[in-house]
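Beneath this line is the structure, given in C-alpha cells, with notes to follow.
Any read-out appearing in this document is the output of simple, stated calculations on the displayed coordinates, not a laboratory observation. For clarity, every value in this text was computed on a predicted model and none was experimentally measured. Cβ: placed from backbone, ideal geometry, glycine included. Neighbour counts: every protein chain shown.
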C-alpha cells in the first residue's frame, strides 16, 4: 500500500512502489517521473514540463500522496484541472493506486448535491475544475486551513479557456499552502503571478518528445475528403484510434457519413451532455467502439492508453494543439502513428513541413476491407461505489448467475452511483435476462444495454 512507503523511504527494496506500478502495467518509473518525484519530495515549488502521454499524473501523485497525514480528516491537497475529463482521470488513477486515502472530484455537468454528499466526509485530495471548486468554496463551510499543496495540472489550458479569475480566487483563499506544482505539455504559457511561486524548480522533458510516434500524411485527390476518409480507415485497419475535427458541425457531418457507411464510432465534443460524453469514453475504453470522432476536447486529459493511431481530418491552427492531439497515442513507451488526411492541392502549415512526414497516397492503395463492428457491448448497472458494490461483486454475479466465461467479460468501470461492464456481444442479451433485477450487496440493480 502506498501509505506504507512513508515508513520505507530509505530502504533500497522498493516493493511498495513496485506494487503500485504493477497496477498500471509498468515495471519502473521513467526518468521524468523519477526526477519529478525527487524534486516534489524536497518540498520545492515545481514546474513540470513533459509531453502528453509521458505519465505526469503518476509523477506528481506518487510523492504528494506519500506526504499525506493519515491523522488529518480535512482536505490536504487541492488539484485544479481545466476539464471534467481530466478531473475524472486523476480521480480514477488515485483510486487505482489504492492509497487508502479518500479522493473526490467535483466538476460542472453533475448535480451540486452530489458534490455536497461527497464533501460531507472530507477527502484528503480534492480534484476539480476551477469554476466548480470556486463555487464549492463560496457555498460550503469546509476548512481550507490544512491544504498545504496545490497542483495546477495543465495550467496553460486552464488559462487559455478563461479560468484565470477563478484560479486566482482559489489560490488567494488558501492560507497555508507550502508547495505549488504546475504541469504542462508545452512551454508556451507564461506562469501566472497569482500562484505565488517561490524559487520554483523547472523539470523540462519536452525535448525528449515521444520517440515511438510516427507521423504520416495520407493524400486525398479531392478537396472534400470524405471518400478519402473511408479509404484511410480501410488502409489503417481494425484498431483503436481518434479522428480529430476542428469544429462540431464538421464532426457531425463526418459522423453522418460514417453511419451511412456502417462504420461504428463514438462522437465526443463539448456540445454533448456530460453523461453522453462519459459513456462515449467508456464504450471506447472497453472496446465496444474502436473509433472516437472528436474535437480538441479529446486532445488532453483522457485516460485511454491503448490508442494505436490519431487521424487529423482537419489540422489544428497551431503547433501546440497538434502536439496535444498526437499525445493521445504512443503513450508510456507504446508505439503509435499520427496520420494527416491531406488534400494534395493545399499547402501544409509550416509546423508540419518542419517534420517532413512520410507521404502515402491512399487513392493508389488496393481496396482494403473496412473495420467490422467489434465483438463487445456495454451494460449499464444501476449500482456503484456508494452502494458498497465492487468490481468483484459484478464479476461474480455475471459468472455465477449469468453463467458466462471469463473471456466473455471485459472492462468493468465503477462509478459512485452506477457501473458499466463490457461483455461479449454473443452473451449480452442472455446476461441481461439472467441478471436484471438481481441483488448486489443490499441493492436491487437494473441491468441494461447502452
Once you sort the root eigenvalues of the Cα gyration tensor of the range 2-208 as a ≥ b ≥ c, which label holds: rounded (a/c under 1.5), prolate (a/b larger than b/c) or oblate (the other case)?
-> oblate
How long are the three semi-axes of the equivalent ellipsoid of the range 376-449, in whole Å, if each is the root of 5 times an eigenvalue of the C-alpha gyration tensor, listed from largest down?
-> 18, 12, 11
Volume per residue (Å³) of the convex hull spanned by the alpha carbons of the range 213-364 is 110 Å³
Using a 10 Å cut-off on Cβ atoms, rank the peptides 382-391, 84-93 from the highest mean neighbour count down.
-> 84-93, 382-391
Taking alpha-carbon centroids only, the range 132-160 lies from the range 198-254 a number of Å equal to 33 Å
Using a Gaussian network model of the chain with C-alpha springs under 10 Å, which one of 243, 40, 275 is most mobile by mean-square fluctuation?
-> 275
Kirkwood hydrodynamic radius (Cα pairs, Å) of the chain?
-> 23.4 Å
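Determine the equivalent ellipsoid of the range 177-239 by diagonalising the alpha-carbon gyration tensor, then write out the semi-axes as square roots of 5 times the eigenvalues, largest first, rounded to whole Å.
Ellipsoid half-lengths, sorted descending, are 43, 15, 11 Å.
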What is the distance, in nm, between label points placed 7 Å from the Cα along the Cα-to-Cβ direction at residue 446 and at residue 176?
-> 4.6 nm
Can you give the % of DSSP beta bridges in the chain that are antiparallel, to the nearest 5?
-> 25 percent
